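**Student:** Next up is a structure, given as structure tokens.
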Amino acid sequence: MKTHLNLLSFDYRRRQFLRGWLLRWSLVWAACVVLAAVPCWLKQVRYGIADRKLQTAQRRYAPVDKLAREVDAMSAELRTLEAKGTVLGQVRDDRPLGTLIGLASRSARRCNGRLVVRKLSFQRQQPQSEQNKPPRGRSTKQADSPPAPKKRLPWAAVTFSGEALDNVAVATFVVGLRDTGLFRRVELKSSVGKDAPNAEIRSYVLECDI
């Protein structure tokens, strides 16, 4: 036997049912949206971090990139002067000054843009025959004594100086010069860090013997 009677209309009860059904499913849909949004948000955060790192790397590379463009411009001007048969072309024929520049450029390219050669200094050494010549006024007895063993002196000295982003690039450049087989000695004289507007660049000096 029923102890209660539902006097609510069917339309009202249907609306109540639909309202409860929508509320339950709305909670389910909201949870699904949150679960889908979290990975997207994490991915966006990672993209933002990577973008900031890229911008920082570009700012650090800007000074080296500027120096590389200047070197390319000077190389192009040098090729133009040599094509015109100027004094630089004659010097290259006497001893490969152009070859030195080419070898330095090839060795610097192994550093992937992290090093530039700012200055190349070439100095011809005194001929060995003049260095071993006995001084004037030497006695006959001294002249008859056995000559001292001759020390092989370098034909010329070359100094490279420029800038690099780190010591790894400098070491790569040194190895590249040694691998050319032209130099008897390749010695790193200094590698000092110096402050730049956007990065810390190392200034290096290399001395080589031919």
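The values are calculated or read from the model by the stated rules, or taken from the named source; none is laboratory data. Since the model is a prediction, treat every value here as computed from it, not as a measurement. Virtual Cβ from ideal backbone geometry, glycine too; neighbours counted across all protein chains shown.
**Student:** Return the only residue of 59, 109 being over 30 Å from residue 210 (Cβ atoms), modelled with pLDDT of 75 or more and under 24 Å from the mean Cα position of the chain (by Cα).
**Tutor:** On inspection, the qualifying residue turns out to be 59.
**Student:** Is it the case that the range 155-165 has a residue that's β-branched (Val, Ile, Thr), at pLDDT 90 or above and surrounded by 15 or more Cβ atoms within 10 Å (Cβ to Cβ)?
**Tutor:** yes
**Student:** Output the residue which, of all residues in the range 112-123 that are loosely packed, with under 13 Cβ neighbours inside 10 Å and not charged (D, E, K, R), is nearest to the chain's Cα centre (by Cα).
**Tutor:** For the range 112-123, the residue satisfying everything is 112.
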